[in-house]
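The values are calculated or read from the model by the stated rules, or taken from the named source; none is laboratory data. Just so you know, these numbers come straight off a predicted model, no measurement behind them. Positions of Cβ are backbone-derived with ideal geometry, glycine not excepted, and every protein chain shown enters the neighbour counts. With ligands, DNA and RNA removed, areas are computed over all heavy atoms of the protein, side chains included. Shrake-Rupley method; radii C 1.70, N 1.55, O 1.52, S 1.80 Å.
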Amino acid sequence: MKIKTLLFPLLLLSATAQALPEQVILFRHAEKAQGDNPQLTEKGQQRAKHLVSMFSDRAIKHAFSTDYHRTQQTIAPLAKHFGLEVTSYDPQNLEAFSNEVLELKGEVVIVGHSNTTPELVRLLSHQEVSIAEDEFNKVFVITFGKFGKVSLSTLSSDKKDE
């Protein structure tokens, strides 16, 4: 009985000692043209550039995107600003990817889609969010605090003058 009493606090300590990123910033690709693997529209390109102004004061260390033109073009200005290479992830294996993200240190940015981004938010924060098919402005910021505390904020990537 005493061994179990000692083991439980040790298990809790080892679980909270897991390396976690400071923050994970997730958003869907910006506005896209039509087609199978479309490029960003002019409005989408402007939104991608605006994301740099939103996060330029951060210390982003890792950048991830799916392998589609629209996601790669959305993250490109941020990656360039921070001098980062963009790592592709498999949108068909989000659980394994989320586990990899939780092992990183520093701030992480991830660009996905209207179906993958909410799923990643759920896997990383255990909170439900949604993105409508015509919504391109939602930005989710997951902050990992002490003792396993996780908080989720939702921002808008719309420019103030819009």
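Observations on the structure shown:
- Pairs of Lys residues in the stretch 12-162 are counted when their Cα atoms are under 23 angstrom apart and they lie 8 or more places apart or on different chains; the count is 28.
- Probe 1.4 Å, accessible area per residue of the chain, Å²: 58 Å²
- The fraction of Cα-Cα pairs per 10 angstrom bin, counted from 0 for the chain, comes to 10, 39, 32, 11, 5, 2, 0 percent, rounded to whole percents.
- Value at 222 nm in deg cm²/dmol, rounded to 500, when DSSP H runs of n ≥ 4 in the chain each add -39,500 (n - 2.57): -11500 deg cm²/dmol
- Among 138-145, 46-53, 34-41, the order from most to least packed when residues are scored by Cβ within 10 Å on average: 138-145, 46-53, 34-41
- Charging the Cβ of each Asp and Glu at -1 and of each Lys and Arg at +1, and nothing else, the dipole of the chain about its Cα centre rounds to 680 debye.
- Mean Kyte hydropathy of 1.0 or more with a Cα span along the axis of at least 18 Å, helices from DSSP in the chain: 2-16
- You can think of it this way: the chain between residue 84 and residue 22 has 20.6 nm of extra reach, that is 0.36 nm per residue less the Cα-Cα gap.
- The length gained on full extension between residue 135 and residue 151, counted as 0.36 nm times the residue separation minus their Cα-Cα distance, comes to 3.5 nm.
- Residue-wise HN-Hα coupling along the stretch 148-156, computed from phi with Karplus coefficients 6.51, -1.76, 1.60 (Hz; x: Gly, Pro): x, 5, 10, 10, 10, 10, 10, 10, 10
- Protein accessible area in the stretch 44-157, 1.4 Å probe - carbon and sulfur %: 47 percent
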